[in-house]
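Following: one structure in structure tokens, then a few remarks.
The values are calculated or read from the model by the stated rules, or taken from the named source; none is laboratory data. None of the values given here were measured: they were computed from a predicted structure. When we count neighbours, we look across all protein chains shown, and the Cβ atoms used for this are built from the backbone with ideal geometry, even at glycine.
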Amino acid sequence: MTNNVAERLLGYDDEVFGVEHYQSDVLPRWCSGCGDNAILTAIQRLCRDEKLLPEKTMFVSGIGCSSRLPHYMNAYGFHGIHGRSLPVAEGIKMARPDLNVFVTTGDGDCCSIGAGHWIHAIRYNIDMTVLMHDNGIYGLTKKQVSPTSPQGLKTNTTPRGSYLPPLNPLSTTLGVANVSFVAQAVDWIPETLYDIISAAFHHNGFSFVRILQRCPEFMPDMFDPWVQDPQQMLLLEHVNGLHLSPELGKVYTNQEAHDPADINRAREIASLTEIIPVGVLYRNEEIPRYDDIRRPRGVYTNEKIRAGIEEELDKYTI
Amino acid sequence: MKSATVRKLKTKNRQTPDQSLLTNTVPAALAARRDLGNLRYDYPLILTSDARATDQDFIFTLSGVIDQILQEIAPPGGTGEQLRSHILRLEQEIRTLVQHGISGSLIELWELAAANLIGAADNSDSLEHSIDEARNALPVDGKIGGGEIVDCDGDMPARIMALACSAVRETRAENFRLRVNRLIVRLTDILHADYTKSDKARTSDSLKRSVGTGYEQVFDFDEMSRILSFGAARDLLSKSRRQRIENTLKALESQKFFALTPTPDSSIYEYEFDSCAVAVKEFQHRMLELVALIKAIHIADLEIANIYKESKHDSYFDRFDETSISTQDLAMFPPYLVYLDDEHLQDTGLSEILAILSSSTPIKILFQTNTILSSLNDPEGPFSTGFHSAQLATMAIGINSAYVLQSGNAGLFRLRGQIIGGLNFEGPALFSIFSGSSATANVPPYLMSAAAAEARAFPTFIFNPAAGPDWASRFRIEDNPQADMPWPVHHQEYQDQDILRISEDVAFTVADFAACDERYAGYFDKLPENQDQDDQVSLAGFLEEENEETDSSIPFVSIVDENNILHRILVTDRLVQATRRYASAWRSIQELGGIGNSHAENLISRERENWQRENRPQPAAKPDTLEISEISVEETTNTVEEAPDVAAEPEPAEPDPADETSSDDAYIETLRCTTCNECTQINNRMFAYNDNMQAFIADPDAGTFKEMVEAAESCQVCIIHPGVPRNQDEADLPELLVRAEDFA
């Protein structure tokens, strides 16, 4: 009898994947300098490093610049309707738990028209990785105010400036029952962007990553103070969270040891306004997952399905 | 060791063995436990009759079930006291019924015991109410309420093993069904998907059948067929793949190792045998089918994941045979169980047993021992095989790769987890169980088997090769009473002839065990009437004093007769020898189990001597020398403390990659690149992406300094540093150098 020889012979280890395996034939049509490029690269690197099989990987999106991402991935994609990426992804994961499900959504798609789905998706805690590209504007439709636009921002729909303070996606997510993973990344620190997406991918449950993303076309200066001054960034480091490389640690010296298990401190960090926190704010692997609770325990053979349908229909037989 | 002369003296007056010596007696240490009906212990057991029982819940104790019910219904404190009292009486009544040989399910005996108690009670209302309340809390399913309630007897080891084996089989069957049915469904889906893409599926007749009769008038199936055929996909399964999937499906569906539905299926293989040879033969006979099935499962996994590559996997599966099977593969299938007992050692059984235990087959052997100590009446006399059968487990440990569990019948419930562990162990296993069943015993099998463990005649141990690499992790003896002692010692009190309380600690030896059974009466004798009581010494004490020349002492054990009168009986030489032999065997087991290991003790002793020698006080020194010595030590200490902390010196900082680069050379802080495409769009030969899609300067001479400066200005995160122009003749250099200063 042999041990694991078969596994080695049959496994995927001999497959060599590069970033190019995950690039589709469609070239990204985002503007030059758009932060979405960095997010796309980080995802493709993750797929390569995790050796995700393209046919076992699913990218679901709604509408917006961010939601174009599935077109640029060599994997399965579902470019859905506005605000409905999460219910689509939930259905996919329930039906095909073997798939790696990613959701790319934007601040308008997720926090405005899709807000209802967003809240319940957090509570359902279905195992998927949600990347919310937050550039604070509707860019695809040429600059309308979004729920996360800074107060006073002049846009096509608010020529006198927006009236309300922005919604905080981190605080909102952390306030929902059953929340299990919340992180924040920025597109201009690729190393942490990759690490955070990787942590989210490995989380057992619904992982929500807000990615602050620059829009050079319609919000060219929005993040300049933070991009140009690393001291304005707060990097959250912890053995159960983000690990900084020595090189990066020299550039971003403003760091805090934050235990992702501490939800109270996570909420305080989420509320910071002057400084942008980057890292894993909260993580709890013990939260029940709806897809796990409702996972079918048996196999639905054709005979079984037929018998079930017959049984149900028999109830209405006159 | 005492001389042969002394031993002769002690037995010289012995007549023909007095068979009445042990009639209706028990060893003094067991006198208080003689009537088990009054005790609350882990028998009787409830053996679940639920075929779906898993390896976690196949066996229960009556007292455990009653405790659970009381915890549920009886409030703590005085309020629940009456309820507790009533239900504990019921439990005792059930136990008594079982001891009287009444069998049935727990519910049946519950009802019978309840009727007995209520019928005999003066005020039965409250008792009836309590019993009803408890009855409502009793699970009535096959697992507990419907389970058979049984006492400890000679059949118990086989029954428990059969149940445990069935539970393990059921657990594996459930996992197997889930896995294989899923594979069948998914493979069928692949074939079905292929069919729907075929021309055959798009014929009008086929389309008509798929719509059904309800709406067949609504559609034009000819037209539907024409349209669907027009855009039909042509990526159908290759012939070889289809053939492979069909063969795999056939292998999965026709296997006989498990039923694919929970319903009983007579074509499924048997896994329980009463002969080693037959079990081995069956295992080998099924090997070809097993190999084919495991191969099919692996192929199915690959096909479903769509990663079967003929160039790579065909040759592997062509050579697939029993050497390709892993232990994880085998763990999917049921263990084989062989039932054996003492008699198998009389013929060729031993070699067959050892052959199995030396193999890597999942064959488990239950070896039931009914006799540990041969009686003087045995035809084999002093060379009988009784001792060998009791030592089978110790021999099996030497093989080093088989799971071995030895226990008395009484310990089986407590070791149920270890029994399951042995059945789940990837290789062979031996369960050596002493039943305690004897027609001539004065105590029930439960006490007999417990006494064998106490007396070290049949110690409890488990050897699990999977538990770790060394004896400390593999071998376990802590289930024995007072495992660190040569014999367990019990405190005993009784009254002497003058009604004075006598209190003493008494060891329980092999002779005490022998005193439980009348067939061993020949090993004992009456003490000589003129024997001085000061010369009488307990057997344990006698063995301890063996090296001392106390020739006049005579070993005895204490027994209690049916009138609770304490007697001393002489232990004969043969039993002394047997006891010595068992004591020696137990000593070896202790050493293997880490208790009093002689190697360790010798090492400790040597190290202690070394330490004492090295730290022996020096002869008193002269006062001035002593002062110098003290000063010297102090200075040395200070020197050490004040010495520069070399380790604390900061290590040289790792050179920054940017520092290494000359300021004259252009460079990019690649790690910070956000892949925004700005630079590559300016010049994709000068700027390129690495494997992580982050930019670097591929060729500084592939463009102009102007392009370098423009790229630096366009970069969203300002990580491009243009350096100095490589071509000093480039146009507008003074202006470009000024612009480049911001990115130096």
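Worth a mention:
Table: residues versus (1) surrounded by fewer than 24 Cβ atoms within 10 Å (Cβ to Cβ); (2) at pLDDT 95 or above; (3) more than 27 Å from B:PRO334 (Cβ to Cβ); (4) not assigned by TED's automatic domain parsing to the domain that holds B:ASP517.
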position	(1), (2), (3), (4)
B:SER384	yes, no, yes, yes
B:TYR403	no, yes, no, yes
B:GLY411	yes, no, no, yes
B:LEU430	no, yes, no, yes
B:SER438	yes, no, yes, yes
B:VAL443	yes, no, yes, yes
B:PHE458	no, no, yes, yes
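- Any hit, the range B:665-687, residues being within 14 Å of another protein chain (Cβ to nearest Cβ), modelled with pLDDT under 50 and closer than 30 Å to B:ALA731 by Cβ: no
- Those residues of the range A:14-60 which are at positive phi and touching a Ser or Thr at 6+ places or on another chain (Cβ under 8 Å), in sequence order: A:GLY33
- Taken over the range B:561-572, the criterion of being surrounded by 21 or more Cβ atoms within 10 Å (Cβ to Cβ) and closer than 16 Å to B:CYS516 by Cβ is satisfied by B:ILE569, B:VAL571.
- Residue within the range A:266-282 that is buried (at least 16 other Cβ atoms within 10 Å of the Cβ), more than 30 Å from A:MET222 (Cβ to Cβ) and in contact with a Ser or Thr (Cβ under 9 Å, 6 or more places away or on another chain) present: no
- A single entry from B:ARG182, B:ARG169 fulfils the requirement of being among the basic types (Lys, Arg) and within 26 Å of the chain's Cα centre (by Cα): B:ARG169.
- The residues on offer are A:ASN135, A:ASN178, A:ASN168, and the sole one that is modelled with pLDDT of 95 or more and within 14 Å of another protein chain (Cβ to nearest Cβ) is A:ASN135.
- The set of residues from the range B:692-726 being more than 16 Å from B:ALA744 (Cβ to Cβ) and part of a strand (DSSP E or B) comprises B:ALA695, B:PHE696.
- The one condition in (1) within 30 Å of B:GLN406 (Cα to Cα); (2) exposed (fewer than 15 other Cβ atoms within 10 Å of the Cβ) that B:GLY147 fails to fulfil: (2)
- All positions within the range B:313-331 that are within 25 Å of A:LEU52 (Cα to Cα) and more than 8 Å from chain A (Cβ to nearest Cβ): B:ASP314
- Subset tally (residues that are closer than 27 Å to B:SER473 by Cα and part of a loop (DSSP other than H, G, I, E, B)) for the range B:561-606: 5
- All of A:GLU217, A:GLU191 fail the test of being touching a Gly at 6+ places or on another chain (Cβ under 7 Å) and within 14 Å of chain B (Cβ to nearest Cβ), apart from A:GLU217.
- Taken over the range B:494-528, the criterion of being in a loop (DSSP other than H, G, I, E, B), closer than 16 Å to B:LEU539 by Cα and over 43 Å from the mean Cα position of the chain (by Cα) is satisfied by B:LEU527 alone.
- From the list B:LEU447, B:LEU423, the one residue that fits, being assigned to a helix (DSSP H, G or I), within 25 Å of B:ALA29 (Cβ to Cβ) and either touching a residue at least 60 places away in the same chain (Cβ under 8 Å) or out of contact with any Leu (no Cβ under 7 Å at 6 or more places or on another chain) (or both), is B:LEU447.
- Residues of the range A:65-120 that are hydrophobic (A, V, I, L, M, F, W, C) and in contact with a Gly (Cβ under 9 Å, 6 or more places away or on another chain): A:CYS65, A:LEU69, A:ILE81, A:LEU86, A:VAL88, A:ALA89, A:VAL103, A:CYS110, A:ILE113, A:ALA115, A:TRP118.
- The lone criterion from (1) loosely packed, with under 13 Cβ neighbours inside 10 Å; (2) modelled with pLDDT of 85 or more; (3) of a type outside the set (A, V, I, L, M, F, W, C) left unmet by B:ASP532 is number (2).
- Qualifying residues in the range A:25-77 (those that are assigned to a loop (DSSP other than H, G, I, E, B), in contact (Cβ under 8 Å) with a residue 60 or more places away in the chain and surrounded by fewer than 23 Cβ atoms within 10 Å (Cβ to Cβ)) - the one farthest from the other protein chains (Cβ to nearest Cβ): A:GLU50
- Filter result for the condition that a residue is in contact with an Asp or Glu (Cβ under 8 Å, 6 or more places away or on another chain), part of a helix (DSSP H, G or I) and within 14 Å of chain A (Cβ to nearest Cβ), over B:ILE294, B:ILE299: B:ILE294
- One residue stands out in the range B:165-199 among those that are among the small types (Gly, Ala, Ser) and without any contact (Cβ under 8 Å) to a residue 40 or more places away in the chain: the one that is nearest to the other protein chains (Cβ to nearest Cβ), namely B:ALA193.
- Among the residues of the range B:77-99, none qualifies, meaning not one is farther than 30 Å from B:THR261 by Cβ, among the hydrophobic types (A, V, I, L, M, F, W, C) and in contact (Cβ under 8 Å) with a residue 60 or more places away in the chain.
- With respect to the conditions (1) buried (at least 24 other Cβ atoms within 10 Å of the Cβ); (2) more than 22 Å from A:SER32 (Cβ to Cβ), A:VAL186 falls short on a single one, namely (2).
- Between A:THR155, A:THR148, A:THR173, the distinction of being among the hydroxyl-bearing types (Ser, Thr, Tyr) and farther than 12 Å from A:MET219 by Cβ belongs to A:THR173 only.
- Candidates are the residues of the range B:701-740 that are within 13 Å of another protein chain (Cβ to nearest Cβ) and among the small types (Gly, Ala, Ser); the one that is surrounded by the fewest Cβ atoms within 10 Å (Cβ to Cβ) is B:SER714.
- The requirement of being farther than 18 Å from A:HIS117 by Cα, within 12 Å of chain B (Cβ to nearest Cβ) and surrounded by fewer than 20 Cβ atoms within 10 Å (Cβ to Cβ) is fulfilled somewhere in the range A:88-96, by at least one residue.
- Of all the criteria given as (1) crowded, with 23+ Cβ neighbours inside 10 Å; (2) within 14 Å of chain B (Cβ to nearest Cβ), the one not satisfied by A:SER207 is (2).
- Evaluated against (1) assigned to a helix (DSSP H, G or I); (2) of a type outside the set (Lys, Arg); (3) within 13 Å of chain A (Cβ to nearest Cβ), B:SER240 falls short on exactly one condition, (3).
- Subset of the range B:328-364 [among the charged types (D, E, K, R) and in contact (Cβ under 8 Å) with a residue 40 or more places away in the chain]: B:ASP342, B:GLU352, B:LYS364
- Top-ranked residue of the range A:107-137 - restricted to ones that are farther than 16 Å from A:VAL182 by Cα and touching a Cys at 6+ places or on another chain (Cβ under 7 Å), ranked as surrounded by the fewest Cβ atoms within 10 Å (Cβ to Cβ): A:ILE137
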